[in-house]
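The values are calculated or read from the model by the stated rules, or taken from the named source; none is laboratory data. Because the structure is a prediction, the values reported are computed rather than measured. Backbone-built Cβ (ideal geometry, glycine too); neighbour counts: all protein chains shown.
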Amino acid sequence: LQPGTDKQYEMIVSGVKEGRLDEAVLDRNVKRILEMILRTPRFQGYCFSNKPDLEAHAAVTRQSATEGMVLLKNENEALPLSAGTKRIALLGCTSYDFIAGGTGSGNVNRAYTVSLLDGLKQAGYELDGELKTAYEQHIAAENERNRPDTTNRFAMFLPRPRPTEMMIPAARLQALAKANDAALITLGRTSGEFLDRKKADFELTREEKALLNDVCRAFHAAGKKVVVVLNIGGVIETASWKNRPDAILCAWQAGQEGGNSVADVLSGKASPSGKLTMTFPVHFADAASSANFPIDMAANMDISNSGEKKNSLKNVDYTDYEEDIYVGYRYFDTFGKEVSYPFGYGLSYTTFEYAAPRVETTEDAYLVSVQITNTGKWAGKEAVQLYVAAPDRATANKPEKELKAFAKTRELQPGETETLVLKLPKANLASFDTASSAWVVTPGSYDLLLGASSRDIRAKAAVDAAASSVPVGDLLKPQGKLRLLERSGR
């Protein structure tokens, strides 16, 4: 499939014929594309061997997936699983239908995919065979019920409907709690192209909530732990249920070695060191962008085989981004909104201390250093985040703070210290001024905040910056009046 639609091709042709598009501009853009193609490896005479080192590649994906996982909760050191934990009750449809990655237009040919079931088995855990059979039969029936429309050539890009969670009778859960050492529930989401996620993708279903409640009740009554694994590609609602399980691990969609990667973290072979790249809000509508998001409308739009959308509505065919710069943590932290998990958040099996922040100034950058010490009992890595707060942030309608750099330590043994150095280019202190269409650095003292998340600042420093202004073009200047979100105090 080629990018673009017939309608877009026709707009280009008619634009040239009618004089609305300068043919010289079109020629320039085509020339740039062709020049880029000529610089690709194929046109540079690259010869592939067709003999990739698949074992080395698998080791990379296993390690990278492990490092990206985010430990959201770990009450009373429920994880890593204790040495006495041998038998695990594996619950939830996604536990047996683990999502390696989302759908998309790229052809991804995996040599294999390690399921969560196989990953746990290879790590030495015993799993209930009858439960496995019951889930496989339930998932097969759900997939048959949700069979995609094969007449639509875009069906391969659309997210596959999730199976409705299987409900387990209370007596069966009590028996599972008695026979197993712990319970593991996996909740899953996937996504595709052409459609926005639905609000229902954010919320848990009634069946998912019932499964969480019932499993936690049964296993906690038996003195057993419950761990939730999130096999997701984006934010889901966690605030209403996160107090129930003992631990929550966000595994994302971990690729072909996914089952092994999850098992590495659960068993303690690896300490989690990932941090959230997005805020987990309490409610869907808490995000400022929700005011201009079509909610379930865009997700339910009819897309024909030509790829054309059959309706034309505000916030469907076009959107006014009235939240302006206040996207993600910039909004939640500036406007003091309660969140479930903040941007940059992530626990570890160990603990870290931040000390001795220093700033060295070079001709074009600030070098911000901080000492990170492993103060816990496990070896682990810490991802340090550098935020900057501008001196005029309130009066000039700027975010309370903005992420400017981040770095991760090597694996530190208990008691070991590493000095991290984060480079902050002076130009990165600039904010865009719409009136002058320029990147402007306001003179004054900028706070440098070193944190474990956007809401967990561990060390501080400051720099005095000189004024600067770099003008740019205004081709993207809004053509109409926008009601942009502004912080109070201007």
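Can you tell me which residue is surrounded by the most Cβ atoms within 10 Å (Cβ to Cβ) among those in the range 260-277 that are more than 19 Å from the chain's Cα centre (by Cα) and either in a helix (DSSP H, G or I) or of a type in the set (A, V, I, L, M, F, W, C) (or both)? The residue in question is Leu266.
Within the range 187-227, if we keep just the residues that are β-branched (Val, Ile, Thr) and more than 17 Å from the chain's Cα centre (by Cα), the residue that is nearest to Val262 (Cα to Cα) turns out to be Val227. Within the range 421-431, does at least one residue satisfy the condition of being in a strand (DSSP E or B) and either more than 23 Å from Thr277 (Cβ to Cβ) or touching a Cys at 6+ places or on another chain (Cβ under 9 Å) (or both)? No, the conditions are met nowhere in the range 421-431. In the range 173-189, the residues that are in the same structural domain as Arg244 (by TED's automatic domain parsing) reach residues that are among the aromatic types (Phe, Trp, Tyr) with C-beta atoms within less than 6 angstrom, at least six apart or across chains, in these pairs: Ala177/Phe219; Ala183/Phe219. When we screen Ile99, Ile37, Ile12 for residues that are crowded, with 17+ Cβ neighbours inside 10 Å and either among the β-branched types (Val, Ile, Thr) or free of Cβ contacts under 8 Å to residues at least 40 places away in the same chain (or both), the only hit is Ile99. Selection of the range 278-314 for residues being at pLDDT below 60 and either farther than 25 Å from Lys337 by Cβ or part of a loop (DSSP other than H, G, I, E, B) (or both) yields Asn300, Met301, Asp302, Ile303, Ser304, Asn305, Ser306, Gly307, Glu308, Lys309, Lys310, Asn311.
Evaluation of Leu476 against the conditions (1) under 29 Å from the mean Cα position of the chain (by Cα); (2) part of a strand (DSSP E or B); (3) free of Cβ contacts under 8 Å to residues at least 40 places away in the same chain shows that the sole unmet condition is (2). From the list Thr186, Thr133, the one residue that fits, being modelled with pLDDT of 95 or more, surrounded by 15 or more Cβ atoms within 10 Å (Cβ to Cβ) and of a type in the set (S, T, N, Q), is Thr186.
Filtered by the rule that a residue be within 20 Å of Thr442 (Cα to Cα), of a type in the set (Gly, Ala, Ser) and surrounded by 11 or more Cβ atoms within 10 Å (Cβ to Cβ), the range 459-476 gives Ala461, Ala462, Ala465, Ser468, Ser469. Of the candidates Tyr345, Tyr326, Tyr349, Tyr321, the single residue that is at pLDDT below 95, surrounded by 14 or more Cβ atoms within 10 Å (Cβ to Cβ) and assigned to a loop (DSSP other than H, G, I, E, B) is Tyr321.
Scanning the range 56-89 for residues that are outside any helix (DSSP H, G or I), in contact with a helix residue (DSSP H, G or I) (Cβ under 8 Å, 6 or more places away or on another chain) and either under 14 Å from Lys225 (Cβ atoms) or of a type in the set (Gly, Ala, Ser) (or both) returns Leu79, Pro80, Leu81, Arg87, Ile88, Ala89. What are the residues in the range 233-248 that are crowded, with 16+ Cβ neighbours inside 10 Å and either over 14 Å from the mean Cα position of the chain (by Cα) or not assigned by TED's automatic domain parsing to the domain that holds Gly223 (or both), if any? Correct list: Thr238, Trp241, Lys242, Arg244, Pro245, Asp246, Ala247, Ile248. Within the range 395-420, the set of residues being in a strand (DSSP E or B) and either under 15 Å from Ala466 (Cα atoms) or under 25 Å from the mean Cα position of the chain (by Cα) (or both) comprises Glu402, Leu403, Lys404, Ala405, Phe406, Ala407, Lys408, Leu420.
As for the range 51-74, it holds no residue that is among the polar types (S, T, N, Q), within 35 Å of the chain's Cα centre (by Cα) and exposed (fewer than 11 other Cβ atoms within 10 Å of the Cβ). Test of understanding: among Glu207, Glu165, Glu193, which residue is at pLDDT 95 or above, surrounded by fewer than 21 Cβ atoms within 10 Å (Cβ to Cβ) and outside any strand (DSSP E or B)? Exactly one residue qualifies, and that residue is Glu207. Scanning the range 421-436 for residues that are farther than 23 Å from Asp333 by Cα, modelled with pLDDT of 95 or more and not hydrophobic (A, V, I, L, M, F, W, C), we see that the one that is nearest to the chain's Cα centre (by Cα) is Lys423.
Restricting the range 441-458 to residues that are surrounded by fewer than 18 Cβ atoms within 10 Å (Cβ to Cβ) and over 24 Å from the mean Cα position of the chain (by Cα), the residue that is nearest to Pro272 (Cα to Cα) is Asp447.
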